[in-house]
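The values are calculated or read from the model by the stated rules, or taken from the named source; none is laboratory data. Bear in mind the structure is a predicted one, so any value in this text is a computation, not a measurement. When we count neighbours, we look across all protein chains shown, and the Cβ atoms used for this are built from the backbone with ideal geometry, even at glycine.
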(Lines give C-alpha, C1' and ligand atoms only; values in the text may rest on other atoms or scores of the structure.)
Protein backbone atom coordinates (compact mmCIF):
# COMPACT_ATOMS: atom_id res chain seq x y z
CA UNK A 1 0.00 0.00 0.00
CA UNK A 2 1.38 3.40 -1.01
CA UNK A 3 1.75 5.98 1.78
CA UNK A 4 1.33 9.57 0.52
CA UNK A 5 1.74 11.22 3.91
CA UNK A 6 4.21 14.09 4.25
CA UNK A 7 5.01 13.27 7.89
CA UNK A 8 5.58 9.95 9.64
CA UNK A 9 2.87 9.04 12.10
CA UNK A 10 3.52 7.45 15.47
CA UNK A 11 1.23 4.52 16.15
CA UNK A 12 -0.27 5.24 19.56
CA UNK A 13 -3.44 5.07 21.58
CA UNK A 14 -3.94 8.01 23.92
CA UNK A 15 -6.90 9.48 25.72
CA UNK A 16 -7.86 12.89 24.41
CA UNK A 17 -10.52 15.55 24.88
CA UNK A 18 -12.17 17.66 22.24
CA UNK A 19 -12.84 21.16 23.56
CA UNK A 20 -15.58 23.19 21.90
CA UNK A 21 -16.51 26.86 22.47
CA UNK A 22 -13.55 27.92 24.61
CA UNK A 23 -13.77 24.70 26.64
CA UNK A 24 -17.46 25.01 27.55
CA UNK A 25 -18.15 21.60 26.00
CA UNK A 26 -15.87 18.56 26.21
CA UNK A 27 -16.09 15.32 24.22
CA UNK A 28 -14.01 12.30 25.20
CA UNK A 29 -11.89 10.91 22.37
CA UNK A 30 -9.03 8.55 21.62
CA UNK A 31 -6.02 9.78 19.62
CA UNK A 32 -4.20 7.52 17.17
CA UNK A 33 -1.44 7.96 14.59
CA UNK A 34 -0.14 11.32 15.82
CA UNK A 35 2.26 13.19 13.56
CA UNK A 36 3.79 16.65 13.61
CA UNK A 37 0.88 17.97 11.53
CA UNK A 38 -2.17 15.91 12.52
CA UNK A 39 -3.79 12.83 14.01
CA UNK A 40 -6.74 10.48 13.87
CA UNK A 41 -9.42 10.82 16.57
CA UNK A 42 -12.07 8.28 17.50
CA UNK A 43 -15.23 9.71 19.08
CA UNK A 44 -18.73 8.38 19.88
CA UNK A 45 -20.36 10.46 17.10
CA UNK A 46 -18.12 12.34 14.65
CA UNK A 47 -21.11 14.17 13.14
CA UNK A 48 -21.54 16.14 16.40
CA UNK A 49 -18.00 17.55 16.27
CA UNK A 50 -17.52 20.91 14.51
CA UNK A 51 -14.96 21.46 11.75
CA UNK A 52 -12.67 23.52 14.03
CA UNK A 53 -11.92 22.80 17.69
CA UNK A 54 -9.16 22.30 20.25
CA UNK A 55 -7.85 18.89 21.19
CA UNK A 56 -6.11 18.13 24.47
CA UNK A 57 -3.87 15.10 25.00
CA UNK A 58 -2.67 15.33 28.61
CA UNK A 59 -0.17 12.48 28.43
CA UNK A 60 1.73 14.32 25.67
CA UNK A 61 1.13 17.74 27.25
CA UNK A 62 -0.56 18.76 23.99
CA UNK A 63 -3.25 21.37 23.45
CA UNK A 64 -3.74 22.13 19.75
CA UNK A 65 -6.18 23.97 17.51
CA UNK A 66 -7.21 21.58 14.74
CA UNK A 67 -9.32 21.40 11.57
CA UNK A 68 -11.23 18.31 10.39
CA UNK A 69 -10.07 17.04 6.97
CA UNK A 70 -11.77 13.63 7.04
CA UNK A 71 -14.94 12.54 8.84
CA UNK A 72 -16.48 9.09 9.29
CA UNK A 73 -19.22 7.89 11.65
CA UNK A 74 -16.91 7.67 14.67
CA UNK A 75 -13.57 8.82 13.31
CA UNK A 76 -11.99 12.17 12.45
CA UNK A 77 -8.81 12.98 10.58
CA UNK A 78 -7.51 16.37 11.74
CA UNK A 79 -4.64 18.70 10.89
CA UNK A 80 -3.02 20.99 13.42
CA UNK A 81 -3.66 24.65 12.65
CA UNK A 82 -1.03 27.33 13.06
CA UNK A 83 -2.70 30.40 14.48
CA UNK A 84 -1.38 33.94 13.98
CA UNK A 85 0.56 35.25 16.94
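Worth pointing out:
- Condition check for residue 24: on the phi > 0 side of the Ramachandran plot and either surrounded by 10 or more Cβ atoms within 10 Å (Cβ to Cβ) or at pLDDT below 95 (or both): no
- Selection of strands (runs of 3 or more DSSP E) fully inside region 37-79 by the criterion of at least 2 residues being under 10 Å from the mean Cα position of the chain (by Cα) and more than 18 Å from residue 14 (Cβ to Cβ) returns 62-71.
- Selection of region 33-53 for residues being surrounded by fewer than 18 Cβ atoms within 10 Å (Cβ to Cβ), in contact with a strand residue (DSSP E or B) (Cβ under 6 Å, 6 or more places away or on another chain) and modelled with pLDDT under 95 yields 33, 37.
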